[in-house]
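Inspection log for the structure reproduced underneath, given as structure tokens.
The values are calculated or read from the model by the stated rules, or taken from the named source; none is laboratory data. Since the model is a prediction, treat every value here as computed from it, not as a measurement. Neighbour counts are summed over all protein chains in view; Cβ atoms, including those assigned to glycine, are modelled from backbone coordinates with ideal geometry. Note: accessible area is taken over every heavy atom of the protein model, side chains too, but ligands, DNA and RNA are not part of it. Shrake-Rupley method; radii C 1.70, N 1.55, O 1.52, S 1.80 Å.
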Amino acid sequence: MKNEKKTFWPYGILLSIIACIVACGYTIYVCLDYPVYVDNSKFASYQEVDYKINEIDEAQDAFEAEFGKGEFLLFANGYEVKEEMKLRKKRVVKVADSNASFELLLKTKANTGKIDAFITRPDTSEYDAPFALKFAANGLISEPFKVSKKGRWQIKIKIDSSDESSTKIGIYSYEFFAR
């Protein structure tokens, strides 16, 4: 007499293996957009950020409490860029011609402090370049600049308005697409 009872445990093992492979693939897919080894969004190495994240967040909160969050405006050839493009994860970036002369305005109440800024590509540090900003009546304005390649660009800005009694550091990031 034959045993007619079917067992499904081999299918469970096979499905578990496939689920692990899919999870690994998704992890790689997400990491392609966020390469940790080149991340300098806090103007420090990722090891230092990991070690001091609470102090960095407190300094950022103190800065925003005094000066506000800030608002970015991008200008191409003297006109405000209005065209937008949606990226993954519901992010929206401004789109402009790569041959244009750009200017960036960061509307903030901060009017003193040390400014560090650079322009970069989000996936590599090969094109990192210093970025000139100066305080103006309604915030910070950049010198006119051009981009060397088409694609995504990020501008990272750090304003250190610390004094003897408190640490206030504003860290901003602005992303746009040059086509």
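Remarks
- Its Kirkwood hydrodynamic radius, worked out from the mean inverse distance over all distinct Cα pairs, puts the chain at 19.2 Å.
- Listed pairs LYS89/LYS114; LYS82/LYS158; LYS134/LYS168; LYS52/LYS146; LYS52/LYS86; LYS52/LYS82 exceeding 29 Å between Cα atoms: LYS89/LYS114; LYS52/LYS146; LYS52/LYS86; LYS52/LYS82
- Share of carbon and sulfur in the accessible heavy-atom surface of the chain [1.4 Å probe, %]: 56
- Accessible area of the chain divided out per residue, in Å², using a probe of 1.4 angstrom: 67
- Assuming charge only on the beta carbon of Lys and Arg (+1) and of Asp and Glu (-1), the dipole of the chain about its Cα centre is about 1100 debye to the nearest 20.
- Between 0 and 90 degrees, the angle of helix 9-33 with respect to the longest Cα principal axis of the chain falls at about 10 degrees.
- Summed residue charge, Cβ within 12 Å of SER162's Cβ, Lys/Arg positive, Asp/Glu negative: -3
- Cβ-defined net charge surrounding LYS107, 10 Å radius [Lys, Arg +1; Asp, Glu -1]: +1
- Cα long-axis angle, helix 46-67 against the chain (0 to 90 degrees, to the nearest 10): 50
- Diffusion coefficient of region 1-102 by Stokes-Einstein, Kirkwood radius over Cα pairs, 20 °C, 1.002 mPa s: 110 µm²/s.
- For TYR127, the shell of other residues with beta-carbons less than 13 Å away shows a net charge of +3, using +1 for Lys and Arg and -1 for Asp and Glu.
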